1. If I histogram all Cα-Cα distances within the stretch 8-54 using bins 5 Å wide from 0, what percent of pairs lands in each bin?
2. Across the stretch 118-129, in residue order, what do the Karplus-derived ³J(HN,Hα) couplings come to in whole Hz, using 6.51 cos²θ - 1.76 cosθ + 1.60 with θ = phi - 60° and x for Gly and Pro?
3. Give me a comma-separated list of calculated 3J(HN,Hα) values for the stretch 86-102, in order, Karplus coefficients 6.51, -1.76, 1.60 applied at θ = phi - 60°, integers in Hz, x for any Gly or Pro.
4. Going by amide H atoms built from the backbone, whose H comes under 5 Å of the H on S92, apart from near neighbours?
5. Can you list residues whose amide H is under 5 Å from Y123's amide H, if they're 5+ apart or on another chain and H is modeled 1.01 Å from N?
6. What are the ³J(HN,Hα) couplings of the stretch 75-80, residue after residue, when phi is run through the Karplus curve with 6.51, -1.76, 1.60 and θ = phi - 60°? Round to Hz, x for glycine and proline.
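A short reminder: the numbers here are calculations on the coordinates, not readings from a lab. Quantities reported herein were computed from a predicted structural model and do not represent experimental measurements.
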Amino acid sequence: MNFQKFLIPAAGVAIVVMAHRYYGWGGVAMASSVLVTWMLLHFTRMMQVLKRAAGRPVGYVDSAVMLNAKLKPKFSLMHVLAMTRALGELRSPKGEEPEIFRWTDGSDSYVDCTFVNGKLAGYSLTRPTDTSVADSADSDDSRPIPENLPPAP
């Protein structure tokens, strides 16, 4: 069960009640203004993240390897969106838990992220296996042999 849904509003009410008890109506006004400012800061951050993500293709990230290196369990979806600056491509059925999103880069590497209750539960990096590059590296006929090599030590 996600206790944050209940604890954060309960803490806000407790702060307002304690402010009234110790400082009267002036304390209620101060505590309420602090709580509203805190909520507006979070709302503004969310809008900025979504505004940046709206200008990029869905599911695209500059480097999937760098994204994989920066990810840590329990990151929120909003934190991952802020890091990638793009919405992820939804891979799971809509509205079902866990949610799986994919971010792909230009080299067809991708990171699959699994979110449970909005928190990152797991992630995996997949890099393409290009057999044409491996085959050309194995054959000596395709590479020219340099003529002026320094003597081996």
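1. Each 5 Å bin holds this share of Cα pairs: 5, 22, 21, 17, 11, 9, 8, 4, 2, 0.
2. Residue by residue, the stretch 118-129 yields x, 10, 5, 9, x, 8, 8, 9, 10, 10, x, 9 Hz.
3. Once θ is set to phi - 60°, the couplings for the stretch 86-102 become 7, 6, x, 7, 5, 9, 9, x, 5, x, 9, 9, x, 8, 10, 10, 10 Hz.
4. Amide H neighbours of S92, under 5 Å, 5+ apart: I100.
5. Residues meeting the amide H criterion: T114.
6. Working through the residues one at a time gives 5, 7, 4, 5, 5, 5 Hz.
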